[in-house]
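Peer 1: Below: one structure in structure tokens.
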Amino acid sequence: MASVSSVGIGSGVLTSELIESLAEAERAPTEARLNNQEAEINAELSVFGLIQSAITDLRLPSRTLANPELFESKSIASGNVAFSGVIDTSDASVGTHTIEVTALANSHTLTSAEFTDSNVTAVGTGSLAITIGSDTATITIDSTNNTLDGIAAAINNDSTVAVTASVLYTGTAYKLVLNSDVTGLANVIDVAVTDTGDLDDTDASGLSQLSYTSGALNLTESQAAVDAAFKLDGVAITRSTNIVSDAVPGVILTLNSTNSGSPSSLIIAADDEPVVAGVKEFVDKFNALKTIINDNTAFDSSGATENGILLGDSTTRTIMSQVRRLLGSTVVGLESANVRSLAEVGISTDYQTGLLTLDESVLKSKFASDPTDVTALFSDQGRTTDSQVTYEKAGLNTVPGTYAISVTTAATRGVLTGSVSMGASTTIDANNDGLTIKVDDTTSGAITLTAGSYTKAQLVAEIQSQINADSTLSAASKGVVVSLDGSNQIVISSSIYGSSSKVEITAVDTNTVAQLGLSVAAGTTGVDVVGTINGATATGSGQILSAAVGDDSEGISITVAGTATGSRGTVKYIEGVGEQLVDKITEYISIDGTLYSKTDTLTKALALISEERADLNERIETLTARLARQFTAADIIISQLNSTQDFVKRQLDALAGFGSDD
């Protein structure tokens, strides 16, 4: 076949330029349509990329608001420099307390008599038994360390007791100073001396001049050990330290000075700043999304400007319709609450643009007056009507609503009861001080009770303390509670509830059975709670009752304390706006979601356009080849006709010449 470039040589009319023009005329309408479609789809993809980015950005503040901990932030303020406080845990409750500090805790300080030097004069030899609380360190003093400097260094090199020794120069002489590292009356320094120099452990010469114990107070008490004393809401309290972590739940108090006679307030309030910041970011991110959609769905009836590329798009219309409905509706479960919708916490909607506006003053006011309802408005929350039933959690499939709770069997702990009634006093000695116990299938090491005489209350406290101090049990997070029953018999209970709760004594001492009533035996195994949630059989594990799979209440877990059976009230699950929006956005951008489906459809449309372009190119190539063949055939015919014409013309010209010769 002749090439396209050689077409027209014979005729000079049916040229390759004509073929190209005809092919372009065939290509142009389809290519223009494909170009327009491709440009529109790419523009839509670009916009949907912006929408997906903006809606993903909206999910972050929504998730922040969905976290109940955001609303548990507290602020604390002190009305007096005598004390200050910091929030330590979520246990801190909103309220006002009065505090009056009457004494600050001090550490015990002892000083020696004066010495002319610190590094030459020998004080004496022997040993110092220094005791603080229950800790004692024995410091050996010999010819290598019997100066003030040497004694101070020897004391400081021993870490057994919390005491610091130093040598003080008064300007005229040197003194040894002993200072307790811990404050409080329980941390008084006691120094018992064994004087190997003059063999007198109590006189005021030799090493015994450093004695400070009963009958030999040879050191001077320069600062007495004092407990901190203060009144909390009028109740007198003492502590060994000025930092108090167990007086106000969730708060660490620091006592700085006294304010005797002038009690001041410690105010714990809900901290609204994190809440306001979280809601403001939520509003800003929503408005950013809405602005993108507004700009690309705009309609200009005058025709002065182009309409938005997504005008009439069902995907954006569906997304915004669902989001608006979610943001504008009363949250299920809050129908009769003081706060029911976003409008009631200062979030309003512009009816023309759909953008949100936040009135921070309204939000702060509502959060101050109804923090629980505001929390439920944004995050998920569970509420129970029985004071001994605690909401623990819900799940992805939990449907918001109120569900009845019924208990047929209350959870119990594994328990072992002794066989002897304890008297007013019990003596622990070498014949009844030992036992081995298995708690929740973990066996302890050998447990030894401290020898001594105990009241009933002291005895159960000692048994509980020694069992719980066992390293094997504590490493496995096992523990017991020891008490007396109505017959004053010892009762050892596992610290957990349920079918895995067990107590068994595996070894005892010679007289343990007779004197304590504790023998080698297994106690009664605990049972799991049994009951229903929403009428469906729930799963019990210890005191935890979990709703049935497949029920609307699926995912709800509650802790049921107490022994009551029958109806235990209800549990209400509230899913706030933040939690709902997180779920909705996740649904939109998931692989099966609305946005993914839309972009997938557009991407497939681009692929079809590419296929159609390939088909067009193939069709045009076919057309070009066919025209080339047709033009070449016509060109050959024209060339032949031209040749015939030339032949005839030559013949005619020859005949004309022959006639003129005659």
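The values are calculated or read from the model by the stated rules, or taken from the named source; none is laboratory data. Everything numeric here is computed off the predicted structure, so don't read it as measured data. Heads up, the Cβs are rebuilt from the backbone with ideal geometry, glycines too, and the neighbour counts pull from every protein chain shown. Please note that ligands, DNA and RNA were not included when accessible areas were found on the heavy atoms of the full protein model with its side chains. Shrake-Rupley method; radii C 1.70, N 1.55, O 1.52, S 1.80 Å.
Peer 1: May I ask you to verify whether residue 238 is β-branched (Val, Ile, Thr), touching a helix residue (DSSP H, G or I) at 6+ places or on another chain (Cβ under 8 Å) and free of Cβ contacts under 8 Å to residues at least 60 places away in the same chain? Before you say what the answer is, go through the steps one by one.
Peer 2: Working: β-branched (Val, Ile, Thr): yes; touching a helix residue (DSSP H, G or I) at 6+ places or on another chain (Cβ under 8 Å): no; free of Cβ contacts under 8 Å to residues at least 60 places away in the same chain: yes.
Judged against the criteria, residue 238 is not a match.
Peer 1: Something else now. Within the group 178, 219, 210, which residue is within 29 Å of residue 82 (Cα to Cα), open to solvent by less than 20 Å² (accessible area, probe 1.4 Å) and at pLDDT 95 or above?
Peer 2: Selected residue: 178, the only one of 178, 219, 210 that is within 29 Å of residue 82 (Cα to Cα), open to solvent by less than 20 Å² (accessible area, probe 1.4 Å) and at pLDDT 95 or above.
Peer 1: Now for a separate question. Going residue by residue through the range 435-442, is there one that turns out to be surrounded by 13 or more Cβ atoms within 10 Å (Cβ to Cβ) and assigned to a loop (DSSP other than H, G, I, E, B)? Outline the logic, then answer.
Peer 2: Here is the first cut: in the range 435-442, the ones surrounded by 13 or more Cβ atoms within 10 Å (Cβ to Cβ) are 435-440, 442.
Applying the additional criterion that residues be assigned to a loop (DSSP other than H, G, I, E, B) yields 440.
Yes, the range 435-442 has at least one match.
Peer 1: Can you go through 546, 553, 590, 519 and tell me which one is within 30 Å of residue 507 (Cβ to Cβ), among the hydroxyl-bearing types (Ser, Thr, Tyr) and open to solvent by less than 50 Å² (accessible area, probe 1.4 Å)? Write out each step before concluding.
Peer 2: Details: 546 fails: within 30 Å of residue 507 (Cβ to Cβ); 553 fails: within 30 Å of residue 507 (Cβ to Cβ); 590 fails: within 30 Å of residue 507 (Cβ to Cβ).
Unique residue meeting the criteria: 519.
Peer 1: Residues of the range 123-148 being over 19 Å from residue 161 (Cα atoms) and surrounded by fewer than 16 Cβ atoms within 10 Å (Cβ to Cβ), which ones?
Peer 2: Scanning the range 123-148 gives 142, 143, 144.
Peer 1: Then there is this: I'd like to check something: does the range 334-353 contain any residue that is of a type in the set (Lys, Arg) and either surrounded by fewer than 18 Cβ atoms within 10 Å (Cβ to Cβ) or part of a helix (DSSP H, G or I) (or both)?
Peer 2: Initial filter on the range 334-353 (of a type in the set (Lys, Arg)): 340.
Now restrict to residues that are either surrounded by fewer than 18 Cβ atoms within 10 Å (Cβ to Cβ) or part of a helix (DSSP H, G or I) (or both): none.
The answer is no; no qualifying residue exists.
Peer 1: Then there's this: Could you tell me which of the residues 248, 188, 193, 244 is buried (at least 17 other Cβ atoms within 10 Å of the Cβ), aliphatic (A, V, I, L, M) and at pLDDT below 95? Walk me through it before giving the result.
Peer 2: Working: 188 fails: at pLDDT below 95; 193 fails: at pLDDT below 95; 244 fails: at pLDDT below 95.
It is 248.
Yes/no matrix, rows are residues, columns are (1) open to solvent by 60 Å² or more (accessible area, probe 1.4 Å); (2) at pLDDT 95 or above; (3) among the aliphatic types (A, V, I, L, M):
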{"site": "257", "(1), (2), (3)": "no, yes, no"}
{"site": "270", "(1), (2), (3)": "no, no, yes"}
{"site": "288", "(1), (2), (3)": "no, yes, yes"}
{"site": "309", "(1), (2), (3)": "yes, no, yes"}
{"site": "319", "(1), (2), (3)": "no, no, yes"}
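Peer 1: When you scan the range 164-231 for strands (runs of 3 or more DSSP E) that lie fully inside it, which ones turn up with 1 or more residues that are of a type in the set (D, E, K, R), in contact with an Asp or Glu (Cβ under 8 Å, 6 or more places away or on another chain) and in contact (Cβ under 8 Å) with a residue 60 or more places away in the chain?
Peer 2: Values: elements: 174-183, 189-195, 220-223.
Per the criteria, 174-183, 189-195.
Yes or no, residue by residue, for (1) surrounded by fewer than 16 Cβ atoms within 10 Å (Cβ to Cβ); (2) small (Gly, Ala, Ser); (3) not in a strand (DSSP E or B):
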position	(1), (2), (3)
376	no, yes, yes
387	yes, yes, yes
390	no, no, no
403	no, no, no
407	no, no, no
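Peer 1: crowded, with 21+ Cβ neighbours inside 10 Å and touching a Pro at 6+ places or on another chain (Cβ under 9 Å): which single residue out of 230, 282 fits that description? Outline the logic, then answer.
Peer 2: On the way: 230 fails: touching a Pro at 6+ places or on another chain (Cβ under 9 Å).
Selected residue: 282, the only one of 230, 282 that is crowded, with 21+ Cβ neighbours inside 10 Å and touching a Pro at 6+ places or on another chain (Cβ under 9 Å).
Peer 1: Can I ask one more? Determine whether the range 525-543 contains at least one residue that is under 25 Å from residue 401 (Cβ atoms), free of Cβ contacts under 8 Å to residues at least 40 places away in the same chain and touching a strand residue (DSSP E or B) at 6+ places or on another chain (Cβ under 7 Å).
Peer 2: Checked the range 525-543: at least one residue is under 25 Å from residue 401 (Cβ atoms), free of Cβ contacts under 8 Å to residues at least 40 places away in the same chain and touching a strand residue (DSSP E or B) at 6+ places or on another chain (Cβ under 7 Å).
Peer 1: Within the range 364-371, can one find any residue that is surrounded by 14 or more Cβ atoms within 10 Å (Cβ to Cβ) and of a type in the set (A, V, I, L, M)?
Peer 2: Of the residues in the range 364-371, the ones surrounded by 14 or more Cβ atoms within 10 Å (Cβ to Cβ) are 364-367, 370-371.
Now restrict to residues that are of a type in the set (A, V, I, L, M): none.
No, the range 364-371 contains no residue that is surrounded by 14 or more Cβ atoms within 10 Å (Cβ to Cβ) and of a type in the set (A, V, I, L, M).
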